[in-house]
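Asker: Sharing a structure, written as structure tokens. Questions coming.
The values are calculated or read from the model by the stated rules, or taken from the named source; none is laboratory data. Just so it is clear, the model here is predicted, and its values are computed rather than measured. Every residue, glycine among them, receives a Cβ derived from its backbone with ideal geometry; neighbour counts consider all protein chains shown.
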């Protein structure tokens with residue numbers, strides 16, 4: 001369970017447009033993640049700028065990196081992202097589930113990234 005200081009760190013990391021785009025791209029990429037170069041292209045960021053943003057997101061615990069041959073692969077930490085959403089929603093209903101219904105309906109399933117069926 002995430003506490004307030006951790007939530008503040010995560011929200012601070014996500015409060016910048018490039019970092020938010022990075023996290024969204026990594027969520028879409030799924031557990032296999034993306035190479036740093038592909039992320040830079042996807043979010044239209046220079047290598048040095050991207051490096052700064054990736055470090056901030058990693059420090060906040062929202063992404064992880066691993067070396068794969070000569071590349072560094074980044075992936076979203078789904079547990080941390082889920083904990084962050086849970087932090088926001090933890091006390092939302094106060095005994096009135098209809099209050100949280102719009103948020104619950106916004107994400108009806110969490111089946112991972114959608115990929116076309118093999119064809």
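Asker: Give me a count of the residues in region 70-84 that are surrounded by 13 or more Cβ atoms within 10 Å (Cβ to Cβ) and part of a helix (DSSP H, G or I).
Answerer: 5
Asker: If you go through region 1-21 one residue at a time, how many are closer than 15 Å to residue 80 by Cα and in a helix (DSSP H, G or I)?
Answerer: Here the count works out to 12.
Asker: Residues in region 94-104: is at least one in contact with a strand residue (DSSP E or B) (Cβ under 8 Å, 6 or more places away or on another chain) and either assigned to a helix (DSSP H, G or I) or modelled with pLDDT of 75 or more (or both)?
Answerer: Checked against the condition, which is being in contact with a strand residue (DSSP E or B) (Cβ under 8 Å, 6 or more places away or on another chain) and either assigned to a helix (DSSP H, G or I) or modelled with pLDDT of 75 or more (or both), region 94-104 yields no hits at all.
Asker: Something else now. Report, by residue number, each residue of region 31-48 that is part of a loop (DSSP other than H, G, I, E, B) and touching a strand residue (DSSP E or B) at 6+ places or on another chain (Cβ under 8 Å).
Answerer: Once the filter is applied, which keeps residues that are part of a loop (DSSP other than H, G, I, E, B) and touching a strand residue (DSSP E or B) at 6+ places or on another chain (Cβ under 8 Å), region 31-48 yields 31, 32, 33.
Asker: Further, regarding this structure: Which condition breaks for residue 61 when tested against (1) in contact with a helix residue (DSSP H, G or I) (Cβ under 7 Å, 6 or more places away or on another chain); (2) within 28 Å of residue 3 (Cα to Cα); (3) outside any loop (DSSP other than H, G, I, E, B)?
Answerer: Condition not satisfied by residue 61: (3).
Asker: Moving to a separate point now. Name the pairs whose Cβ atoms lie under 7 Å apart, with the first residue in region 20-33 and at positive phi and touching a residue at least 24 places away in the same chain (Cβ under 8 Å), the second surrounded by fewer than 16 Cβ atoms within 10 Å (Cβ to Cβ) and assigned to a loop (DSSP other than H, G, I, E, B), and 6 or more positions between them or separate chains?
Answerer: 30/112; 30/113
Asker: OK, next. Within the group 90, 67, which residue is loosely packed, with under 12 Cβ neighbours inside 10 Å and under 23 Å from residue 2 (Cβ atoms)?
Answerer: 90
Asker: Could you list all residues from region 41-57 that are without any contact (Cβ under 8 Å) to a residue 12 or more places away in the chain and either within 15 Å of residue 79 (Cα to Cα) or within 16 Å of the chain's Cα centre (by Cα) (or both)?
Answerer: Within region 41-57, 55 is the sole residue that qualifies.
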